[in-house]
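In what follows, a single structure is set out as structure tokens and then discussed.
The values are calculated or read from the model by the stated rules, or taken from the named source; none is laboratory data. None of the values given here were measured: they were computed from a predicted structure. Note: ideal-geometry Cβ built from the backbone for every residue, glycine included; neighbour counts use all protein chains shown. In case anyone asks, the SASA skips ligands and DNA or RNA and just uses the protein heavy atoms, side chains included. Shrake-Rupley method; radii C 1.70, N 1.55, O 1.52, S 1.80 Å.
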Amino acid sequence: MTGNFSEGRTWRNIVSQSVPLLFAQLVQLLYNVVDRIYIGHLHDIGSIALTGIGLAFPLTTLIAAFTNLFGMGGTPLFSIARGAGEHKKAEKILSQCLMLLTASSFILFAVCFAFRKPVLYAFGASDESFGYADRYLKIYLFGTTFSMISTGLNGFINAQGFPKTGMLTIFIGAALNLVLDPLFIFAFDMGIEGAAIATVISQAVSAVWVMLFIFGKKNIYRVSKDKIIPDPVLISRIIAVGLAGFIMQATSCLVQIVSNLTLRDFGGDIYVGIMTVLNSIRDIFMLPINSLTNGAQPVISYNYGAKKYSRVREGIKFTAATGFVYTVIAWAAVLLIPHFLMSVFTSDSRMIEMGVSSLKIYFFGFCFMSMQFAGQSTFVSLSCTKRAIFFSLLRKAIIVVPLTIILPRIGFGVNGVFLAEPVSNLFGGAACFLTMWFTLYRKLP
């Protein structure tokens, strides 16, 4: 059996899973980040076009939320079933997730495409920025099914002990995106539409690669017609486990909407563009800790299913300590080279100068984010759904959203929007980690 995570050093198993994931997610990040880099440097319209991309974020985040609901919901159950030796059950979980991801992608595409105009205005678009957001989004949405299948099912490849194959899933598509972006944007002079076309083509290639593995000879667990028929009981379990990841993304969507609306009212379109750059920088710096926690999840879930509780503890401690050290280093980097980080995404000197101070506020206390990730990933790995859901809601819906609305109105102005993030990292992250430590870690058999 491939991927027996109950053997060898626990931290090595986590690293062996995390390193390929790091490269895979780094390349996946290029899908959107490269688009923003090229668009931000378009002559004359770069700043407002970047604002348009930022306005499309909530809908793309919503698609990611449903991907997490079924992908992250099924993967821990799949790993637990593998660890317990219940291989028929693991096959059924994989089959059900394939069905759920495909069906929901069709529904999301239809709804988002039909209502994109009123939604974009509700998300903070002005008459000037709407055109750029709409031109990008109406093409990008055609990749919904490709995106959900490639991202949602890739976790099942990693969970079987094929992290390098999982890495290639994203690498192939994103490498193609790197080539196609300048070709469509500049060579074919298609601008913002060219960026969207390049992304859709790249997502399609990644989806084909995943499906070739799922239905190929390497896959240990087979998808079959009898197992793909909807099972309400199993679907409810998948949703229950994936709800935490869904809520994390859905609340991110809510935060983006509230931030865009508040920034538009207090600072104008340029601050919506600055927030787009800040979100891009945050995505880059969060990449290693995302890879670490995602790589740890199948290892912790497998050992929990195999009743190897000492190994579960080792995995939690290693993930928490490594994540904290990394985020301290990342915070220091932001303080040392803020102008460089801003200039990667825009050549507008005004946006760079205005964005540097916002960047420093936004990343203040970034190390506390690692506490949220360590606690949240442990709850998800061990199927502690209620606690995972609560702490997903706490940090963003209960702390960030109200602060984003209140702080600018009590004297902080646009800085209040950026200040909401570090406050939530401190209080939300500490609450999540301490609850995990005292109610779960210390009570493991």
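The simple Förster model, with R0 at 51 Å and r as the Cβ-Cβ distance, assigns ALA321 and PHE115 a FRET efficiency of 0.65.
Taken along the Cα-to-beta-carbon direction at a fixed 7 Å, the label points for ILE337 and PHE188 span 3.3 nm. Using 24 Å as the Cα-Cα cut-off, could you pick out the over-long pairs in LYS317/LYS443; LYS218/LYS308; LYS360/LYS396; LYS89/LYS218; LYS92/LYS317; LYS89/LYS307? Those over the limit are LYS218/LYS308; LYS92/LYS317.
Cα gyration tensor of the range 230-309, axes a ≥ b ≥ c as square roots of the eigenvalues: rounded (a/c below 1.5), prolate (a/b > b/c) or oblate?
Working: a/c = 4.79, a/b = 1.91, b/c = 2.50.
Verdict is oblate for the range 230-309.
For the pair LYS307 and ILE329, the difference between a 0.36 nm per residue extended length and the Cα-Cα distance amounts to 4.4 nm. Is the C-alpha gyration tensor of the range 1-108 telling us rounded, prolate or oblate? Criteria: a/c under 1.5 is rounded; beyond that, a/b larger than b/c is prolate, otherwise oblate. Oblate, since a/c reaches 1.5 and b/c is not below a/b. Figure note: PHE363, PHE123 ranked by solvent-accessible area, largest first, 1.4 Å probe, ligands and nucleic acids not counted: PHE123, PHE363.
Taking the Cβ-Cβ separation of ASN4 and ILE229 as r and a Förster radius of 22 Å, what is the calculated FRET efficiency to the nearest 0.05? Intermediate results must be reported in sequence, preceding the final value.
On the way: r = 31 Å, r/R0 = 1.39.
Efficiency for this residue pair is about 0.10.
Over the range 375-429, accessible surface divided per residue gives 36 Å², non-protein components excluded, 1.4 Å probe.
Considering only PHE213, PHE412, PHE373, give the residue with the highest GNM mean-square fluctuation for the chain, with springs between Cα atoms whenever their separation is below 10 Å. Looking only at PHE213, PHE412, PHE373, the largest GNM fluctuation is found for PHE412.
Which angle between 0 and 90 degrees, to the nearest 10, do you get for helix 46-83 versus the longest principal axis of the chain when only C-alpha atoms count? The angle comes out near 10 degrees. Modelled spin-label separation between ARG12 and ALA240, with each label point placed 7 Å from Cα along the Cα-to-Cβ direction: 3.7 nm. Only protein heavy atoms count here; on that basis, with a 1.4 Å probe, MET72 has an accessible area of about 60 Å². In the elastic network of the chain, a GNM with C-alpha springs shorter than 10 Å, the most mobile of THR151, THR60, THR319 is THR60.
Under 1.5 on a/c is rounded, so check that first for the range 101-211, then, if it is not, pick prolate when a/b is larger than b/c and oblate when it is not; a ≥ b ≥ c are the square roots of the alpha carbon gyration tensor eigenvalues.
Values: a/c = 2.89, a/b = 1.46, b/c = 1.98.
In terms of gyration-tensor shape, oblate.
Whenever you get a sec, line up LEU243, LEU292 from highest to lowest accessible area (probe 1.4 Å, protein heavy atoms). The partial results should precede the final answer.
Numbers: LEU243 55, LEU292 20 Å².
The most accessible residue leads, giving LEU243, LEU292.
Annotation: HIS87 carries an accessible surface of approximately 70 Å², with a 1.4 Å probe and no ligand, DNA or RNA atoms counted. Cross-link partners of LYS217 among aspartates and glutamates, defined as those whose alpha carbon lies under 15 angstrom from its own and excluding same-chain residues fewer than eight positions apart: GLU91. Distance from the alpha carbon centroid of the range 373-445 to that of the range 186-253 works out to 27 angstrom. Multiplying the residue separation of SER126 and ILE410 by 0.36 nm and removing their Cα-Cα distance gives an extension gain of 99.8 nm.
Given C-alpha coordinates of the range 227-368, what is the ratio Rg to Rh with the Kirkwood estimate of Rh? Let's see the in-between values first.
Values: Rg = 19.7 Å, Rh = 18.0 Å.
My calculation of the ratio gives 1.09.
Bridgeable aspartates and glutamates around LYS164 (alpha carbons under 20 Å apart, same-chain partners fewer than 8 residues away excluded): GLU7. GNM on the chain, C-alpha springs below 10 Å: top fluctuator among VAL208, VAL277, VAL325? Among VAL208, VAL277, VAL325, the largest mean-square fluctuation in the Gaussian network model of the chain belongs to VAL325. Between VAL356 and THR439, the distance separating the two model label sites (each 7 Å from Cα on the Cα→Cβ line) works out to 4.4 nm. If R0 is taken as 45 Å, the Cβ-Cβ distance between ILE398 and LYS218 corresponds to a FRET efficiency of 0.55.
Rounded to the nearest 10 square angstrom, TYR132 shows an accessible area of 40 square angstrom against a 1.4 Å probe.
With respect to the chain, whose longest principal axis is taken over its alpha-carbon atoms, helix 414-439 is tilted by about 10°.
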